[in-house]
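K.L.:
To start, I am sharing the structure in question, which I have written as structure tokens.
The values are calculated or read from the model by the stated rules, or taken from the named source; none is laboratory data. Model, not experiment: these values are computed from the prediction. With ideal geometry, Cβ positions are generated from the backbone for all residues, glycine too; neighbour counts draw on all protein chains shown. Surface accessibility is based on the protein's heavy atoms, side chains included, excluding ligands, DNA and RNA. Shrake-Rupley method; radii C 1.70, N 1.55, O 1.52, S 1.80 Å.
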Amino acid sequence: MITRQLGSEVRWMLRRPRTLIGLFGLVLVPIVISFGIWTADGDGGGPGIAAILRGNGMVVPIFTLFLSLNLLLPLVASIWAADGLAGEAQHGTLRGLLVAPVSRVRLLFVKLFGLTAMSLFAVTLMAVVGIIAGTAFLGNDGMMTLSGTTLTTAEGLLRIAFFVVLVTFQMVAVGAVALAVSATTEHPLVVQAATMTSIIVFQVLGQFSSLDWLHPFLITTGFPGLVDVMRDPIPFDQISDSTLLAGCYLLIGTGLAAIRLVTKDS
Amino acid sequence: MNKRKVTLAAAAAGVLTGATGLSLLAMPAGAGQPPSLPPVAPETLVEQVLTSEPGAFGGTIEVDNKLGLPAIAEIPQLADGKHSGRVWTDGNGKMRLALPNGQSEQTIVDDGTTTWVWNSADNEVTKSERRADKPDAEPDAKAADPATAAKEIVGLTKEFSDISVDGTARVANRAAYELVLTPKASEKTLVREVRIAVDAELKMPLRVAVLTNGTAEPAGTVGFTEINVGPQDAKLFEFTPPANAEVTTPEAKEREGREKRPEAGVEQALRGEDPQVFGTGWDTVLGARIPTEAMTQVPAEAQGLVDRFTKEVSGSWGSGKLFTTKVATVLIADDGRVVAGAVPEQVLFDTIGQVK
């Protein structure tokens with residue numbers, strides 16, 4: 001019963017044209033980045049991972065996901081969260097689900113599962129395309145880390161897989177909060193606008209050093225620390241802090257969404 | 001109906017847990033209860049620190065710097081604020097340092113014969129062979145390790161200080177004694193006291209804090225936030241330059257970039273073959289003379305930078321620029337004489353006449 005519900009949820013999501021367009025857009029990112037670095041002149045250089053991209057195709061998926069985590073991936077997560085509850089309410093299909101003899105908590109978990117599955121799928125797709133595009137345009141000589149060591153391709157793939165999991169978790173945390181917003185409205189656009197505005201405002205707030213007491217509460221503060229995956233050996237402090245931070249958002253988002261759904265009139 | 005209440009309560013508990021988690025994450029890690037350790041005589045502890053052999057360890061070091069130094073592009077880790085790095089050593093002279101700088105990283109590996117400095121921001125490796133006449137090719141790297149730095153401080157200043165043990169502390173999850181070196185009253189220094197947390201078991205310094213006159217907070221703290229003692233992975237002490245990185249030598253780099261750094265002249269003069277040393281103990285003053293051509297080589301914009309951080313001073317000794325931080329003062333006379341020390345400016349004015 002539950003597996004059928006989960007399966008149909010993901011099928012529904014995949015069938016929406018905007019999902020496909022979104023996925024297509026996401027896949028373009030690593031290709032454009034690889035092509036751009038390949039055609040760019042100069043001997044590389046620059047801040048962070050961008051500096052080690054040249055001749056180092058295995059880093060493209062990490063770089064792509066790291067960049068996309070700031071705006072693109074939260075946007076996609078918010079679209080899926082918006083469609084999940086607000087979209088269904090708009091089409092009148094949510095009413096049917098709410099009066100059905102199915103627990104509303106289960107409904108929420110089906111939505112959350114759909115969000116997680118699609119996030120993992122999208123991030124993995126970006127990573128795989130990144131590996132292919134990076135290898136094709138920039139070459140693959142193992143993976144050079146920020147610490148100047150070179151990992152074997154197998155070790156590199158392991159790092160990419162680890163990063164995919166970390167990024168997906170951040171995306172799901174953003175999506176869970178978006179689901180809570182989604183449960184309160186019938187307008188999917190409101191959900192997207194609210195989520196994206198928050199992410200952007202968080203990032204702006206993160207720039208002001210006079211507000212540094214606030215920074216540990218912002219989910220966006222945790223994003224840059226994930227770059228530690230590219231150091232060798234990996235320091236886990238920042239990665240675990242970021243993941244715990246996202247976990248708190250996931251709990252808050254899911255809890256608020258559940259409260260709203262349970263108290264909602266059908 | 002009852003089930004609904006249970007669900008609501010569970011959901012509310014989830015929200016609360018998340019919110020509590022957020023505030024817990026935001027709170028700085030507490031120092032925890034100081035451990036209780038058997039008392040130790042200060043003299044014994046100093047002796048043990050000086051003779052301790054830390055052996056192999058790996059750990060994370062945090063530098064909390066409130067010295068008021070200007071940010072220098074080459075060594076961003078020195079600028080005010082908190083910076084952390086990771087260090088590994090095998091206890092026999094091989095070591096590895098990883099210094100993150102934003103999202104980039106500087107890695108310094110000393111494999112016993114060669115020192116490699118890797119900078120991810122410019123994809124460049126600087127390789128310097130350890131030569132017989134210069135056994136310490138990378139003194140900067142060594143000084144970054146709090147254990148070595150503290151040992152040096154203790155060795156140089158113990159006879160000029162009142163030494164005491166002021167309770168215990170927990171540093172990097174290890175029990176430690178707080179060894180306090182207070183400059184004797186006759187020492188004319190900016191430093192009020194230096195507190196060194198000494199590991200109770202290994203007698204290795206885990207944290208050094210420098211306190212200056214007139215402030216309650218340390219002007220600078222260097223210490224481990226995490227340490228694991230024991231043999232480290234041998235692979236950490238090897239370095240192979242990445243395939244597409246540029247490998248240079250420090251000599252080649254110096255030829256390119258020397259004149260861009262205004263502070264290089266001062267640094268070099270004081271570090272040179274034989275800086276002149278005046279006084280002893282905490283109020284030791286180092287003196288040197290910068291060659292006149294190095295003084296005039298400083299480009300205009302670098303001169304502006306120098307002016308921003310210094311103060312024009314003059315006296316019976318002549319005139320020059322005074323650079324002040326909380327723990328040290330540097331006086332650069334216009335004729336190229338330089339004196340520096342952890343002393344108030346008056347001591348420098350009195351000493352500069354003796355510089356040859």
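K.L.:
Take A:L120 and decide whether it is open to solvent by 40 Å² or more (accessible area, probe 1.4 Å) and either over 19 Å from A:R16 (Cα atoms) or in contact with a Gly (Cβ under 6 Å, 6 or more places away or on another chain) (or both).
P.N.:
No: the conditions fail for A:L120.
K.L.:
Quick check on my filter: what residues within the range A:209-243 are open to solvent by less than 30 Å² (accessible area, probe 1.4 Å) and hydrophobic (A, V, I, L, M, F, W, C)?
P.N.:
A:L218, A:I219, A:F223, A:L226, A:V227, A:V229, A:M230, A:I239
K.L.:
Scanning the range A:141-169 for residues that are under 26 Å from B:I108 (Cα atoms) and of a type in the set (S, T, N, Q), which turns out nearest to the chain's Cα centre (by Cα)?
P.N.:
A:T145
K.L.:
Can you tell me how many residues in the range A:230-243 are in contact (Cβ under 8 Å) with a residue 12 or more places away in the chain and closer than 20 Å to B:M27 by Cβ?
P.N.:
Residues meeting the conditions: 5.
K.L.:
For the range A:231-246, which residues satisfy the criterion of being assigned to a helix (DSSP H, G or I) and within 7 Å of chain B (Cβ to nearest Cβ)?
P.N.:
A:D241, A:L244, A:L245
K.L.:
Turning to a different aspect of this structure: Condition (residue is in contact (Cβ under 8 Å) with a residue 12 or more places away in the chain, surrounded by fewer than 16 Cβ atoms within 10 Å (Cβ to Cβ) and not acidic (D, E)) applied to the range A:244-266: is it met by at least one residue?
P.N.:
yes
K.L.:
For the range A:159-177, indicate whether the set of residues that are within 14 Å of another protein chain (Cβ to nearest Cβ), aliphatic (A, V, I, L, M), out of contact with any His (no Cβ under 7 Å at 6 or more places or on another chain) and farther than 18 Å from A:L75 by Cα is non-empty.
P.N.:
Within the range A:159-177 (the criterion being within 14 Å of another protein chain (Cβ to nearest Cβ), aliphatic (A, V, I, L, M), out of contact with any His (no Cβ under 7 Å at 6 or more places or on another chain) and farther than 18 Å from A:L75 by Cα), the answer is no, since none of the residues qualifies.
K.L.:
Across the range B:87-128, what is the number of residues that are of a type outside the set (A, V, I, L, M, F, W, C) and farther than 23 Å from A:A50 by Cα?
P.N.:
15
K.L.:
Identify, please: which residue in the range B:310-355 is part of a helix (DSSP H, G or I) and touching a Leu at 6+ places or on another chain (Cβ under 8 Å) and is, among those, most open to solvent (accessible area, probe 1.4 Å)?
P.N.:
The residue in question is B:E345.
K.L.:
Which of the residues spanning the range A:133-154 are buried (at least 16 other Cβ atoms within 10 Å of the Cβ) and in a helix (DSSP H, G or I)?
P.N.:
Listed by number, the residues that qualify are A:A133, A:G134, A:T135, A:F137, A:L138.
K.L.:
If you don't mind, there's one more thing I want to ask. Check whether at least one residue in the range A:181-196 is surrounded by 15 or more Cβ atoms within 10 Å (Cβ to Cβ), within 13 Å of chain B (Cβ to nearest Cβ) and out of contact with any Asp or Glu (no Cβ under 9 Å at 6 or more places or on another chain), and report yes or no.
P.N.:
Within the range A:181-196, one or more residues are surrounded by 15 or more Cβ atoms within 10 Å (Cβ to Cβ), within 13 Å of chain B (Cβ to nearest Cβ) and out of contact with any Asp or Glu (no Cβ under 9 Å at 6 or more places or on another chain).
K.L.:
Out of B:V49, B:V63, which single residue is closer than 24 Å to A:D212 by Cα and either open to solvent by 30 Å² or more (accessible area, probe 1.4 Å) or modelled with pLDDT under 90 (or both)?
P.N.:
B:V63
K.L.:
Got a sec? Which of A:G25, A:G55, A:G96, A:G36 is buried (at least 17 other Cβ atoms within 10 Å of the Cβ) and not hydrophobic (A, V, I, L, M, F, W, C)?
P.N.:
Checking each option against the conditions leaves just A:G55.
K.L.:
Could you pull out the residue among B:K184, B:K203, B:K188 that is among the charged types (D, E, K, R), in the same structural domain as B:T115 (by TED's automatic domain parsing), closer than 24 Å to B:L97 by Cα and in contact with a helix residue (DSSP H, G or I) (Cβ under 8 Å, 6 or more places away or on another chain)?
P.N.:
B:K203
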